[in-house]
Every structure is written in structure tokens, then in C-alpha cells.
Amino acid sequence: MSDRTFRSASPAYAVGRWAEAVAAARSAAESGDAADRAREKVRSWEEVLSGMASGRLAIGSRVPVADTPSWVTLEVAHGGFATGRYLAEEPLSEDEAGRLAVLPEGVPGDSDRGRLNRWYLGDAGQAELLKALRDGHYRVDVPEEAALAVAAVLLDEGFPEQALDLVAELQPMMHRLRFTPRFEPVARPSGTAVRLVPVAEVVGSLRAARVPPQLAAMRATLGVWNPLYDRLVALWCNTVDGELPSLDDDGEVRGGWPCRRWPGDWADQRTRWLADYELACEEHRATGRHAHPKGNFARLRAALQACPDGSDALSARDVGWIRRALANTVTRHGLVGSELREDVRAQQAVAATVPTYAALAGVLAARLERYPGGGGLPSLDPIAVDVSEEDDRTDAVPVGTPFPAHLLEKASRALEAPVDELVRRGVITSGDVLARVLPQLTSRLIAARFDDPVLAGLYEQLYTAFRRRRGLLLLNLEHQVRFDELPWARALGLCRTPRRDSSRPGYLALQQATMLALTSFPQALLPNPLIRELSALAGQAGVRMPLVEEVAADIFMGTFTTKWRDAAAVASRTMSGTTYAAYYDLPAESRWTRSRRSVLRWGKATADDFAELCAERAAEAGRSGSYVARNGAVLEQSQILTTHNLAVLIDHLALSDRLREHAPELVARTFSWVVRRLAQRTDDYHSALIQVKNAAYAWRQGIFLLSFCDPTAQLSRVQRLSDEVHAKGLHARFGPAVDGLAHVLDGGRFAEGGTVPHGHGRRFLGWAAGQHWYFARDS
């Protein structure tokens with residue numbers, strides 16, 4: 001492994017790389033519509049930078065913050081960088097402050113948080129915790145919030161020694177972290193339904209909706225400034241003696257002159273207009289022509305302010321400008337009160353009074369607030385009906401107004417329903433999102449090992465909260481913190497019912513989750529969070545599977561643990577004789593079984609034979625280019641050789657027959673996705689590289705699925721693919737990939753370098769150490 005491979009994880013490199021991102025993000029935070037969200041990102045990134053620069057944060061370590069146990073839940077910014085902030089370290093809530101105010105004298109602690117935590121270790125505090133657990137009136141958002149509840153359970157279940165050991169381990173953080181759950185007025189439901197986010201999160205998102213500045217300006221123009229302008233024009237028209245001014249074909253002003261007559265109520269109307277104008281300025285900002293200092297509105301208003309008692313204060317030039325302004329507006333828009341002008345103003349008034357999305361979001365948020373904030377929505381029907389008299393609304397939202405689809409889609413993120421229904425509704429949109437909800441099912445399956453429903457409920461909430469932890473960027477083959485490394489999770493395991501078998505439900509859930517991911521998002525790699533959750537389900541089901549993660553090219557350490565070789569052996573065995581094996585030249589299974597050479601690195605057994613073959617095969621991508629590109633080519637070969645978990649899952653879960661039923665349709669969807677992705681125009685070279693990489697990964701998924709189709713269906717799908725490529729104008733660039741696949745289906749093989757002998761076909765890979773042949777077609 002060269003020194004260059006480590007550079008991406010070194011503090012100096014990271015600080016420079018992140019400083020540019022922070023500067024760009026800070027600029028976006030000052031001007032973007034989502035300014036609050038952007039500023040929060042900037043804040044977290046600046047903490048990362050300062051921590052790396054000072055040495056307080058050890059990037060690449062599973063314990064990145066000095067003097068911090070591995071079990072502490074850290075705030076992790078994009079890319080896996082810890083900011084150094086503890087998620088369980090927060091100010092006392094209003095309820096906690098109230099509790100602290102009535103604590104008896106003598107409760108020890110060197111901080112308010114410490115005193116409160118220690119009070120819950122006493123008899124009264126333990127009784128309150130146990131009552132909340134038994135009633136179900138609590139929730140756990142961060143894993144630490146279950147710690148003292150577990151201590152109370154251990155004492156109640158007759159494990160005093162283990163409870164004392166747990167408290168001793170928590171002691172160093174007692175003054176900083178919240179170790180108690182959040183008390184709720186109603187019990188949290190449990191069942192087969194899951195939700196993406198709690199109601200409170202959706203409410204917060206809806207409450208944050210704002211009217212875009214451009215829309216607010218347009219509504220003010222139509223509803224405030226235009227009516228004011230018409231009244232202003234009418235005031236001056238009433239002073240004209242004779243025919244109202246207008247413009248002739250040559251642009252010359254014709255008609256009478258203003259300031260020649262003064263109706264008796266003119267002064268009162270002038271006063272009312274100026275008062276209304278001042279009020280409008282307090283509530284709205286004039287824009288466009290109403291704000292232009294030389295516009296008709298500004299000239300007529302200035303003249304109005306200058307003549308409280310007639311036109312004595314106005315010069316002949318001023319009167320001429322009033323006449324010109326009146327001629328302009330009368331010619332362009334018609335007389336004030338005319339049918340033409342009234343029709344236009346009526347249409348504008350309707351447009352100005354249409355409820356904004358922000359106003360409707362407020363009404364929808366008020367409806368959602370009737371539900372427990374920490375829970376979900378049992379149904380969308382009660383909240384999807386049109387606005388009614390019972391709603392908490394403003395006059396800007398009339399009764400009978402329907403909610404736009406995108407607001408109801410936001411609300412559906414809190415809908416509690418079976419996973420497949422959420423996928424069908426479009427709430428779960430990717431494998432990453434699927435991974436966010438699966439812990440809710442996994443936790444219930446694992447919690448079934450507890451006979452006591454109180455303990456099962458606590459374990460379920462603790463597990464789900466743990467799965468929300470974001471993964472760290474890790475080096476040296478280190479693994480993420482595991483659930484049983486939490487001292488209170490490990491201790492709670494003492495209360496499990498011995499020999500309770502829940503493997504069958506776990507196995508069925510694992511099959512369902514796998515097929516759901518493959519059939520819902522066939523073009524996408526299984527993301528690491530989903531792989532971790534599938535691994536947890538496999539453990540629950542008693543199935544040993546070598547599931548492998550996706551590794552970032554810029555932190556690749558040059559080797560793999562032995563599970564990659566085990567996964568490759570499964571792929572070689574199960575895919576032997578298939579289109580996938582022929583297309584990617586998979587080695588025979590004996591390549592992995594006859595020689596199992598392992599070396600110990602960083603305390604882990606690594607498979608050098610697997611790493612060597614990946615590096616050898618990566619030569620097809622070229623030998624020039626950056627170290628990241630060369631690493632990427634090696635990692636792509638590791639995914640090819642293992643099918644990135646697809647073969648392992650299909651084989652170990654006996655899903656071949658199910659997959660064959662869906663394969664033709666999934667292949668069509670995947671290949672169509674590849675064509676659409678490549679057809680997206682981008683002028684940025686880096687974005688184009690990512691575009692090709694993602695297309696190649698989806699292409700590999702498609703070829704795996706194609707292997708489960710019969711020969712007739714395979715030829716049909718490739719012909720359809722060829723037609724789509726021609727229709728999108730991609731044949732010059734992507735035609736070689738289609739020709740290469742057709743060559744393999746016809747019984748051929750690729751030559752060295754991934755080319756078709758005596759033809760133009762090519763094997764399509766995502767990484768290239770040098771120029772990719774896909775872009776060479778532009779040269």
C-alpha cells in the first residue's frame with residue numbers, strides 16, 4: 001500500500017479538502033432558501049475542521065474523539081467524519097428543568113444533567129422509570145437514553161451486581177449525557193407496520209415551509225401595489241380637465257391636463273391613500289416598476305405627497321410628468337374602472353389570493369399535531385381531506401381548499417404501514433431508505449426473545465435507536481461499533497428468555513427484505529446500511545452469510561478480509577454456466593477452495609489471493625491515472641467477483657425461483673435506467689465519470705438478473721436495449737457495450753482487455769485508470 005493511499009484520510013489533506021467545501025456551503029447558507037439547514041451543515045463541518053486541525057479528532061478511527069468511549073453516539077457529518085459533538089449531550093428539556101427544580105436537597109452532581117441522572121438512580125427515580133416502561137409512555141431517540149432504564153430493570157429483575165457494573169461504566173459521562181428516556185403521554189404502538197420518520201419530524205418540516213421571495217413579491221404586486229396604483233391613477237385622473245391623456249401612434253401625449261380641477265373630497269382621498277401606502281410599506285416591500293424611482297408609480301406618488309392643498313408646490317415640469325404618466329397607463333391598461341382593466345385586475349386578485357403552499361403546510365401541520373409526535377400516522381385518510389371549518393387556519397386558506405400532492409407526500413413519510421406498501425406509495429425510494437426502516441422490524445424480531453413485553457419493548461426501542469447511528473469513516477479494516485458493545489444493551493441481554501427460537505420469523509423477514517430491495521430498486525447496489533441490517537436479520541435467522549460492504553476508493557487499504565473470498569466462492573459456484581459468469585469471466589469455484597491463503601493484518605485475517613486476482617483483473621481498466629482510479633478499478637473487480645452480495649443472498653435464502661419470476665421485467669427496468677442515466681446531459685467531467693460509474697454498476701446488476709431469464713427472454717431484452725440506445729442517440733458511445741453483451745449471448749467471449757475479437761464490442765466497466773473508452777468516442 002503506497003503512502004498516497006493514506007493521504008485522503010490524513011488531517012492535512014482533509015482540512016484542505018473540507019475548507020473549500022465549507023466556504024462554498026457558507027456562501028450557499030447566506031443566500032439559499034434552505035438557509036437554516038445549510039447553516040447547520042456548515043456548523044458541523046467547521047467542528048470537523050477545527051477538531052482535525054487541533055488533533056482532537058482521529059479521522060479513520062472507530063474511537064475518533066479523545067477520552068470518549070466507543071459507545072458514545074457521535075454526530076457524524078457527510079463522509080463519515082465525526083464532529084466531536086455527542087448527540088446525547090443536550091440542554092435540559094422543559095420537563096427536565098421542571099423535574100430538576102423540585103429535586104430534594106442532597107442529590108449529588110457537578111452539573112444539572114449529572115444531578116438529574118443521579119436522581120434516577122434513587123428509589124423514587126427508579127420507580128418513575130419502571131412505571132414509564134410498564135405503561136409504554138416513553139421513547140428512546142438516542143441509544144444512551146435507555147441506559148438508566150436498563151439499570152433500573154436489572155435491579156428489578158434481580159441482577160444488582162450487573163446494574164452496579166453498568167452504572168460504574170456510565171459514571172464518567174454522567175455529568176454530560178442524557179441517560180434517561182423521553183417520557184410520553186401515550187404508549188408507542190408496536191406491530192408489523194413501520195414508518196420512515198415520526199410525526200414530529202414531518203410537523204417540523206411543514207412548519208419550516210416559507211413563501212419563496214419571488215412568489216411573495218408577485219403576490220404583493222398583484223394584491224397590494226397594483227390596487228394602490230389604480231387608486232393613485234384615479235386620484236390624478238379626477239383632476240384632469242377634459243379628455244384623459246393618452247398616447248397617439250407617434251408616442252405623443254394627447255388629451256387634457258391634470259391639476260386643473262379639484263373635487264371636494266380629493267384631499268380626504270389623498271390622505272387615505274397616503275395612509276394606506278404607509279401601511280403597505282410596513283407589511284410589504286415594493287419591487288419592480290412600483291419601486292423604480294423614475295417609474296409612473298413613484299412619480300405620481302411623489303407628486304401626491306407634494307400637493308396637500310392643490311398644485312402650488314408643483315412645477316410645470318412636474319405637471320407634465322403627471323400627464324405623461326397618466327397617458328402611459330391609460331394607453332397601456334385602459335381607464336381605471338374600464339372593463340379591460342377590471343378584468344385584468346380581477347384575474348390578478350384571484351391569483352394573489354390563492355393559498356400558498358406555506359399556508360397549506362401550516363394547516364396540515366396543525367392536523368398532524370393532534371397525533372403523538374414520537375409516533376406515526378395510522379392512516380392518511382383523515383388528514384388528506386380538504387380544508388374544513390374545524391381546521392386551524394388563516395383567512396388566506398378558504399374552506400374546501402385541497403392539499404397539493406407534494407404536501408401529502410411529506411405527511412406520508414410518517415405513515416405507519418407494511419414495508420412493501422411504503423415502497424409502493426413511493427415513501428421508500430431507495431435501498432438506503434429501506435435500510436432506515438428495516439431496524440423497526442429487526443428490533444421486534446430480536447425483542448421476541450424476551451417473554452416480558454416490558455423488556456421486549458425497551459429492547460426494541462434501544463435497537464432501533466442504535467441503528468440510527470451514522471457510520472464513521474474507518475481505516476485499517478476496523479469495524480463500526482456493534483450493538484452489543486453498548487454496556488446497557490449487553491446487560492439487558494441477561495434478561496432474555498433462554499432457548500427461545502425466533503429464527504423462522506427472522507428468515508422470512510430476511511427473504512422479504514431481500515426480494516423487496518431487488519424488485520424495488522434493481523438498478524442499485526445494496527447500500528452499506530442495508531447490508532448491515534440484512535446481516536443483523538441473518539444473525540437472528542441463524543443464517544451465516546458472507547455479506548460484503550462497498551468500500552470507498554480513496555480509503556481502500558489494498559486488501560480484503562476473508563469474507564470477500566468466501567462470497568466469491570459462492571458467486572463462482574452459483575453463477576457457473578450463466579451469462580454473468582461468461583460476461584465477466586468468473587473463475588471456477590476451485591480457485592477459491594483449493595488455496596485459502598490468509599495473512600493477519602491489523603488483527604484481521606485477510607485474503608491475499610482474492611486481492612491479487614482483483615488487482616490482476618483491474619489491469620483491463622488501464623494502468624495510468626490517479627491512485628483513486630486504480631483503487632476504484634480493483635474494488636469494482638471485487639464487486640464483480642462477489643456479485644456484491646446478490647449471489648450470496650439468492651443462494652443462502654433459496655430465492656432463485658422467485659427471482660426467475662421477476663427477472664425479465666427487472667432486467668428491462670434496469671437497462672432502461674442505464675440508458676436514461678447515460679442520456680442525461682452533463683458538461684462537468686467529474687459528474688460524467690460518476691454517471692458512467694453508476695451506469696456500469698447498474699449494468700452489472702442487469703446482467704446478473706439477465707442470467708435468471710431464459711434464452712428467448714435474454715435476446716428480447718437485449719434487442720429492446722439496442723432500440724432504446726438508438727432512440728436516445730447513444731449508439732456511438734454506448735453501442736460497443738450492447739454489442740459486447742450480444743456477442744456473449746451468442747456464445748462468444750471477450751479477449752484480453754475486454755474487447756470483442758474482430759469487432760467493436762466492449763465489456764462495460766465503470767472505472768478506468770486513464771480515459772474511459774466511453775468518452776473516447778467524442779475524440
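Looking at region 234-250, can you tell me whether even one residue there is β-branched (V, I, T), within 17 Å of I322 (Cβ to Cβ) and in contact with a helix residue (DSSP H, G or I) (Cβ under 6 Å, 6 or more places away or on another chain)?
No, the conditions are met nowhere in region 234-250.
Residues that are part of a loop (DSSP other than H, G, I, E, B), more than 24 Å from E201 (Cα to Cα) and either within 38 Å of the chain's Cα centre (by Cα) or among the small types (G, A, S) (or both) within region 90-143 comprise G106, G109, S111, Y120, G122, listed in sequence order. The residues in region 235-257 that are part of a helix (DSSP H, G or I) and modelled with pLDDT under 90 can be counted, and the count is 0. Looking for something of a type outside the set (D, E, K, R), modelled with pLDDT under 95 and either touching a Lys or Arg at 6+ places or on another chain (Cβ under 8 Å) or not assigned by TED's automatic domain parsing to the domain that holds A619 (or both) - is there at least one such residue anywhere in region 714-734? Checking region 714-734: at least one residue is of a type outside the set (D, E, K, R), modelled with pLDDT under 95 and either touching a Lys or Arg at 6+ places or on another chain (Cβ under 8 Å) or not assigned by TED's automatic domain parsing to the domain that holds A619 (or both). Total residues in region 258-280 satisfying the condition of being assigned to a loop (DSSP other than H, G, I, E, B), of a type outside the set (K, R) and without any contact (Cβ under 8 Å) to a residue 40 or more places away in the chain: the figure is 3.
Annotation note: of R468, R424, the sole residue that is free of Cβ contacts under 8 Å to residues at least 12 places away in the same chain and surrounded by fewer than 20 Cβ atoms within 10 Å (Cβ to Cβ) is R424. Checking each residue in region 363-415 for being charged (D, E, K, R), buried (at least 16 other Cβ atoms within 10 Å of the Cβ) and without any contact (Cβ under 8 Å) to a residue 40 or more places away in the chain picks out R367, D391, R393. Of the residues that sit in region 150-190 and are in a loop (DSSP other than H, G, I, E, B) and among the aromatic types (F, W, Y), which one is farthest from D67 (Cα to Cα)? Here the residue is F159. Only one of the numbered conditions (1) aliphatic (A, V, I, L, M); (2) within 25 Å of F183 (Cβ to Cβ); (3) surrounded by fewer than 17 Cβ atoms within 10 Å (Cβ to Cβ) is not met by A168, and that is (2). Considering region 676-694, the residues that are crowded, with 18+ Cβ neighbours inside 10 Å and in contact with a Lys or Arg (Cβ under 7 Å, 6 or more places away or on another chain) include one that is nearest to L526 (Cα to Cα), namely N694. Among the helices (runs of 4 or more DSSP H) confined to region 685-779, the ones with at least 2 residues that are in contact with a Phe, Trp or Tyr (Cβ under 6 Å, 6 or more places away or on another chain) are located at 685-706, 711-727, 731-745.
Here is a list: A151, A147. Which entry is farther than 15 Å from T73 by Cα and of a type outside the set (S, T, N, Q)?
A151
Does R660 count as assigned by TED's automatic domain parsing to the domain that holds T579, within 25 Å of the chain's Cα centre (by Cα) and surrounded by fewer than 17 Cβ atoms within 10 Å (Cβ to Cβ)? No. Look at (1) in a helix (DSSP H, G or I); (2) under 36 Å from the mean Cα position of the chain (by Cα); (3) not small (G, A, S) and you find that T606 fails only one, number (1). Applying a threshold of 8 Å to beta carbon distances and a minimum spacing of six or more residues, or different chains, the list of pairs starting in region 311-340 at a residue that is in the same structural domain as W236 (by TED's automatic domain parsing) and ending at one that is surrounded by fewer than 12 Cβ atoms within 10 Å (Cβ to Cβ) reads H333/L340; G334/L340. Just a yes or no: is a residue in region 201-223 at pLDDT below 90, of a type in the set (G, A, S) and within 25 Å of the chain's Cα centre (by Cα)? Yes: region 201-223 contains one or more residues that are at pLDDT below 90, of a type in the set (G, A, S) and within 25 Å of the chain's Cα centre (by Cα).
Total residues in region 281-310 satisfying the condition of being hydrophobic (A, V, I, L, M, F, W, C) and either in contact (Cβ under 8 Å) with a residue 60 or more places away in the chain or in contact with a Pro (Cβ under 6 Å, 6 or more places away or on another chain) (or both): the figure is 5.
The numbered conditions (1) closer than 24 Å to G204 by Cα; (2) in a helix (DSSP H, G or I) are all true for P402 except (2).
Scanning region 333-365 for residues that are under 30 Å from D392 (Cα atoms), among the hydrophobic types (A, V, I, L, M, F, W, C) and not in a loop (DSSP other than H, G, I, E, B) turns up A346, A349, V350, A351, A352, A358, A359, L360, A361, V363, L364, A365.
The values are calculated or read from the model by the stated rules, or taken from the named source; none is laboratory data. Please read all numbers here as calculations on a predicted model, not as lab measurements. Using ideal geometry, Cβ is built from the backbone for each residue, glycine included, and neighbour counts are taken over all protein chains shown.
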